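Visitor: Below: one structure in structure tokens.
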Amino acid sequence: MGERDAFMAKSATESGTPSRPADDRRPPLGTRVDVSEDSTVCGRIAGFLVRARWPLFAGALVVAAAAWPISRRLEFDRSIDNMFSPTERILQDFHRFRDRFGGDQILLIVYEDARLFAPEGDGLRRCRDATRAARRVPGVLAVLSPSVLDTLLKGLGTSMVDATSRLARRFRGLFEGYTHGADGKVASVVCILDEKFVNEHGTAGTIDGLRSIAAGLDAGVLVGEPVMVHDSFEYVEEDARRLSWVSTCLLGATILAVLRSARWALVALAVVHWTLLATEAVLHSSGLRLSMVSSMLTAVVTVIGVATVMHVAIGFRDRRQLGAAPADALRCAIGRLATPIFWACVTDAAGFLALLAARAGPIRDFGLMMACGSMIVLLASALLIPAMALVGHASAPARGPSAASRLDRALGALFDLVQRRAGWVAACVLAAVAVSVIGGARLDVETDFTRNFRSGSPIARAYAFVEDRLGGAGAWDIMVPAPEVLDAAYIDRLLALQERIRALRDPRTGEPALGSVLSLADAIDAGSLHPFLAAMPPELRARGLRAVMPDFLQALRGEDPETGSPWMRVMLRAYDRRDAETKRWLIAEVERIVGETFPEGEDDGRAAVTGFYVLLTHLVAGMLRDQWRCFAAAVVGVGAVMTIALRSVRGALAALVTNGLPIVIALGAVGWAGMKLNMGAAMMAAVSLGLSVDSSLHYLDAFEREWRKERDRVRALAVAQRTVGRALVFATIALAIGFATLGASDFAPTVSFGGLAAATLVGGLLGNLTLLPLLLLFIHRGPAHAPIPGTSPIRRET
């Protein structure tokens, strides 16, 4: 007999409970089954659920039938506006820019043509065909390309292929990096989208039409921030469909392997999909729409539902092994687990609601969706489990997996080891936390939005091609107030602004920070090289250009719809594949230069820097701040729920420390590894805390029950470790596998969220089986007969 068995035998002798051999496969010491009707609230609820199981099941079918057509109408919100607060200045500038210029979304058709500027003109003819095709695509407001510039120059007596013309050379240099590459072998058809059309019909049809044109060109690709946003949602929708079945199948296989029961696998499947139907119907009825991170909705609901079913299934099986009839076993299991399962769902919801502290709209929406789904899991379990668990159930006692007894002994041995090496365990935890805090200080965010896609995906390859061969693929703009009539002084001022911006160099590489800087002022200034245009004032040159390129010039010179004041647009192209610090520095430098050249209040309006590039950089730059803000909100919210559930501040603190440390360690590991946080990683801490404390609730519940029966805290912990510990291991395996399925996504934030959540949940399991017992021994150091400080409103067994 080992040390632990000797201890248990001694404790059993002292308490009058007979000991049992180590290989006994019956439930662990301290487990008693009482099949009499429980008079407590939880017992009465359990009895009602079992007796009324068929009416409840019929009601669930009716609700599912009603929810089905409503859930199908749930839509995705593809608007960039939803990612920011309406009161944020950056979003307000974006709206003003869109109102003044009519087109803020730019797409580039980029392709290779070694004869683009061949004297024979065949390259420009191919470009002209592509330009005409792009103009015919619904949703395209204006187009600029080498062929458009060639048409303009031909009206001035030269052409883009004329190497002897100063004007032609000036235009080629001016538009280099925008309409063509520096080597003259890459062409770009710049398409400005019609904002009114996009608002009414979306960008999908326009993007598909332009992609079909690009597909017909040599190495043709379509890039632009609208494409990234569009493709993100396409991946999200595809993930939602695929991950739904992948996670369900894998978790079903987990239940089959752990419980050896196809029945409980079907129960879990029913609970999960009923929850999804009801959740989607509630979301649609509430006016909510799916967001960029909503592909995780199905997988997260699946793991919560499966974990809930797993606890009930194990409790039911244990009582069946003691000889209880199926109905009595289920009633006892539900009565015993009702309160911890309820509070587990509430803590899940609290963790998700903590995401409301984030600035990014998709993260806030995801928090609301999942908080709703967490509570609906509770309703689904009550309506479906009793009927499905008992229908056609044999009366013979159930047989559990043979591995259960071995797992129980392993958990008992782990508890003994933790007791003997408590000092070492504490030292290792403190060392890991110290190292993780240093690693956490190294965390940075991923501002390269192309890294949200797998490196081999079409959009990632397209951006790599454009950034290497053409220049920056990130589009953003400056809007500055302008006079009613353009004059030389204003044009010189605008050109001086652009020269200062062009002079910016990457602080790390020393290379030009921007790929292109372009405005109407450049075209007006280039016109001075033509004898006829040189004699014209700037306003007349602008009108002449507008006559040749009306749509494009309209996108460069607009007016405020409310005041009628004129505005000028400076179009910038930046490199998307830059780190967060460099992007933030570049935007800040451009804003500083604009503020110095066009001081606020000097003219009618305020100059501003805006565009998709700026919006996305600010969005991801706020993620690190959101990460800690949401985590702090989760600590407060989950801590409050735990305090209410346990009626103990010390018990709640023990659970928070146990489950919070793995999150700190995981984030520290991310920092040390040099990985960067994306939108998915920014949600992980708050969500993982809400999910992992579920295990603490079940552990503390089992500890309290045994303490009240035995009045021996060491024995109570040992029994809790061997009883609920087994359920925690199985449930965590299911959770980790469920989140690991997110690794099959093509959208990097989904992959990051799944991987980090799975890692922290496994860490939380280790904490609940090692650190939590030590903390409980520490905070309950009173006499063995003293009641523990904090009793949860959990059914007391008699």
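Visitor: State all residues of the range 360-379 that are crowded, with 24+ Cβ neighbours inside 10 Å and among the small types (Gly, Ala, Ser); if no residue qualifies, say none.
Guide: Residues satisfying the conditions are 360, 367, 373, 374.
Visitor: Among the residues of the range 623-639, is there at least one that is β-branched (Val, Ile, Thr) and more than 15 Å from residue 355 (Cα to Cα)?
Guide: no
Visitor: So which residues in the range 464-493 are of a type in the set (Gly, Ala, Ser) and surrounded by 14 or more Cβ atoms within 10 Å (Cβ to Cβ)?
Guide: Within the range 464-493, 464, 471, 472, 473, 474, 475, 482 qualify.
Visitor: Yes or no: the range 212-231 includes at least one residue that is in a loop (DSSP other than H, G, I, E, B), open to solvent by 10 Å² or more (accessible area, probe 1.4 Å) and at positive phi.
Guide: Yes - at least one qualifying residue is present in the range 212-231.
Visitor: Right, next: Scan (1) under 32 Å from the mean Cα position of the chain (by Cα); (2) surrounded by fewer than 24 Cβ atoms within 10 Å (Cβ to Cβ); (3) among the small types (Gly, Ala, Ser); (4) more than 13 Å from residue 46 (Cβ to Cβ) for the single condition residue 338 breaks and write down its number.
Guide: For residue 338, the failing item is (4).
Visitor: Please count how many residues of the range 612-644 are modelled with pLDDT of 85 or more, open to solvent by 10 Å² or more (accessible area, probe 1.4 Å) and under 30 Å from residue 96 (Cβ atoms).
Guide: Going through the range 612-644 one residue at a time, the tally reaches 0.
Visitor: Ok, one more. Is it the case, given these coordinates, that residue 318 is more than 24 Å from residue 340 (Cβ to Cβ), crowded, with 20+ Cβ neighbours inside 10 Å and acidic (Asp, Glu)?
Guide: Judged against the criteria, residue 318 is not a match.
Visitor: Now a separate question. Given the conditions (1) in contact with a Cys (Cβ under 6 Å, 6 or more places away or on another chain); (2) open to solvent by 30 Å² or more (accessible area, probe 1.4 Å); (3) not charged (D, E, K, R), and given that residue 686 satisfies all but one, which numbered condition is not satisfied?
Guide: Failing condition for residue 686: (2).
Visitor: If I go through the range 494-519 residue by residue, how many of them are open to solvent by less than 60 Å² (accessible area, probe 1.4 Å) and closer than 30 Å to residue 536 by Cβ?
Guide: 11
Visitor: What number goes with the only condition from (1) within 35 Å of the chain's Cα centre (by Cα); (2) open to solvent by 10 Å² or more (accessible area, probe 1.4 Å) that residue 712 does not pass?
Guide: So residue 712 meets the others, but not (1).
Visitor: Say whether the condition of being part of a loop (DSSP other than H, G, I, E, B) and either open to solvent by 40 Å² or more (accessible area, probe 1.4 Å) or at pLDDT below 80 (or both) is met by at least one residue in the range 719-731.
Guide: Taking every residue of the range 719-731 in turn, none turns out to be part of a loop (DSSP other than H, G, I, E, B) and either open to solvent by 40 Å² or more (accessible area, probe 1.4 Å) or at pLDDT below 80 (or both).
Visitor: Return the residue satisfying two criteria in turn: it lies in the range 533-561 and is free of Cβ contacts under 8 Å to residues at least 60 places away in the same chain and assigned to a loop (DSSP other than H, G, I, E, B), and of such residues it is least open to solvent (accessible area, probe 1.4 Å).
Guide: Per the stated criteria, the residue is 536.
Visitor: Could you please let me know if residue 313 is open to solvent by less than 30 Å² (accessible area, probe 1.4 Å) and part of a loop (DSSP other than H, G, I, E, B)?
Guide: Judged against the criteria, residue 313 is not a match.
Visitor: Residue check, residue 697 against (1) in contact with a Gly (Cβ under 6 Å, 6 or more places away or on another chain); (2) of a type in the set (A, V, I, L, M, F, W, C); (3) open to solvent by less than 20 Å² (accessible area, probe 1.4 Å), all met but one. Which one?
Guide: Every condition holds for residue 697 apart from (1).
Visitor: Restricting attention to the range 142-178, and to residues there that are hydroxyl-bearing (Ser, Thr, Tyr) and over 48 Å from the mean Cα position of the chain (by Cα), which single residue is most open to solvent (accessible area, probe 1.4 Å)?
Guide: This residue is 164.
Visitor: Just to be sure before I move on: is residue 324 part of a helix (DSSP H, G or I) and either of a type in the set (A, V, I, L, M, F, W, C) or open to solvent by 10 Å² or more (accessible area, probe 1.4 Å) (or both) in the structure I sent?
Guide: So residue 324 fails the test.
Visitor: Which condition from (1) surrounded by 20 or more Cβ atoms within 10 Å (Cβ to Cβ); (2) out of contact with any helix residue (DSSP H, G or I) (no Cβ under 7 Å at 6 or more places or on another chain) is the one that residue 434 breaks?
Guide: Answer for residue 434: the failing condition is (1).
Visitor: Out of (1) in a loop (DSSP other than H, G, I, E, B); (2) buried (at least 23 other Cβ atoms within 10 Å of the Cβ); (3) touching a helix residue (DSSP H, G or I) at 6+ places or on another chain (Cβ under 8 Å), the odd one out for residue 442 is which?
Guide: (2)
Visitor: Does residue 61 qualify as being open to solvent by 80 Å² or more (accessible area, probe 1.4 Å) and either at positive phi or part of a helix (DSSP H, G or I) (or both)?
Guide: Answer is yes for this residue.
Visitor: Continuing with the same structure: Since residue 212 meets every condition but one in (1) hydroxyl-bearing (Ser, Thr, Tyr); (2) within 29 Å of the chain's Cα centre (by Cα); (3) farther than 30 Å from residue 319 by Cα, which condition does it not meet?
Guide: (2)
Visitor: Let me spell it out: the conditions are (1) in a helix (DSSP H, G or I); (2) open to solvent by 70 Å² or more (accessible area, probe 1.4 Å); (3) over 26 Å from residue 619 (Cα atoms), and residue 524 meets all of them except one. Which number is the exception?
Guide: Unmet for residue 524, out of (1) in a helix (DSSP H, G or I); (2) open to solvent by 70 Å² or more (accessible area, probe 1.4 Å); (3) over 26 Å from residue 619 (Cα atoms): (2).
Visitor: Return only the number of the condition from (1) in contact (Cβ under 8 Å) with a residue 24 or more places away in the chain; (2) of a type in the set (A, V, I, L, M); (3) in a helix (DSSP H, G or I) that residue 517 does not satisfy.
Guide: Against the list (1) in contact (Cβ under 8 Å) with a residue 24 or more places away in the chain; (2) of a type in the set (A, V, I, L, M); (3) in a helix (DSSP H, G or I), residue 517 comes up short only on (3).
Visitor: For residue 506, which of the numbered conditions (1) at pLDDT below 90; (2) within 30 Å of residue 132 (Cα to Cα); (3) of a type outside the set (A, V, I, L, M) fails to hold?
Guide: (2)
Visitor: Can you run down the residue pairs with Cβ atoms below 7 Å, 6 or more apart or on separate chains, where the first is in the range 123-145 and closer than 16 Å to residue 218 by Cα and the partner is open to solvent by 80 Å² or more (accessible area, probe 1.4 Å)?
Guide: The qualifying pairs are 123/115.
Visitor: Another question about this same structure. So which of 108, 149, 91, 116 is of a type outside the set (Phe, Trp, Tyr) and either within 28 Å of residue 563 (Cβ to Cβ) or free of Cβ contacts under 8 Å to residues at least 12 places away in the same chain (or both)?
Guide: 91
Visitor: Name every residue in the range 93-123 that is touching a helix residue (DSSP H, G or I) at 6+ places or on another chain (Cβ under 6 Å), open to solvent by less than 10 Å² (accessible area, probe 1.4 Å) and more than 20 Å from residue 569 (Cβ to Cβ), in order of residue number.
Guide: Once the filter is applied, which keeps residues that are touching a helix residue (DSSP H, G or I) at 6+ places or on another chain (Cβ under 6 Å), open to solvent by less than 10 Å² (accessible area, probe 1.4 Å) and more than 20 Å from residue 569 (Cβ to Cβ), the range 93-123 yields 109, 110, 116.
The values are calculated or read from the model by the stated rules, or taken from the named source; none is laboratory data. Treat the numbers as computed from the prediction; the structure is a model and nothing was measured. We place every Cβ from the backbone using ideal geometry, glycine too, and count neighbours over all the protein chains shown. Accessible surface is based on the protein model in full, side chains and every heavy atom, while ligands, DNA and RNA are left aside. Shrake-Rupley method; radii C 1.70, N 1.55, O 1.52, S 1.80 Å.
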